[in-house]
Amino acid sequence: MQGGVNTIEKLHIRQPVEIVIGNTGVVANTKAMVEGVADRKRKHPEKYDLIFEQAEAFAIIGRKSLHEYNLKKVGALMNENHYLLQEIGVSHEKLDLLVDVARKQSAYGAKLTGGGGGGCMVALTPGIELQERVAKAIEKEGYEVLRTRIGVEKT
């Protein structure tokens, strides 16, 4: 976030990389999640300011790591970001389960995505074999999975 304005930047990476998106099947109320975070931030501004500063630093380092195609670093940052999201109270037991399943199958990193409280998680799984191992483990737990790649240029 530069100058208080959210921007979306299209990142180019060296080559496409496989990811797994696991769906908890839990539909969350994003508005309620955002309001909950805002309320907790008002009550504990120092704690939340520090967490948001850490998350922003992770995003900046993650951007640089993607440009360098340092996927191990990107994965580690995803893991750290998930811990921060747990700290601010937007994770869910099923999200945490799917993140743990992905990590146990050697995903480079995994974290919730979206507003939290349910919904989906994303795991960084370079290579078809790793992607398939993580996806099958999540499906074995009874959850829906999307196998896809990021960094694919449309022609």
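Here, each number is a calculation from the coordinates, and none is a lab measurement. None of the values given here were measured: they were computed from a predicted structure. For neighbour counting, all protein chains shown are included, and Cβ atoms are generated from backbone atoms with ideal geometry for every residue, glycine included.
Remarks
- Fluctuation leader among Gln86, Gln15, Gln105 - the chain, Gaussian network, Cα springs under 10 angstrom: Gln15
- Mean Cα-pair separation over length for the chain, i.e. relative contact order, pairs under 8 Å, 6 or more apart, %: 39 percent
- Comparing Val26, Val74, Val17 in a Gaussian network model of the chain, where Cα atoms under 10 Å apart are tied by springs, the biggest mean-square fluctuation is seen for Val26.
- Among the lysines of the chain, pairs that are 8 or more positions apart or on different chains and have alpha carbons within less than 21 Å of each other number 25.
- The residues packed around Val145, meaning those with a beta-carbon under 9 Å from its beta-carbon, carry a net charge of 0 if Lys and Arg are +1 and Asp and Glu are -1.
- Cα-based shape type of the stretch 84-138, given that a ≥ b ≥ c are square roots of the gyration tensor eigenvalues and the cut on a/c is 1.5: prolate
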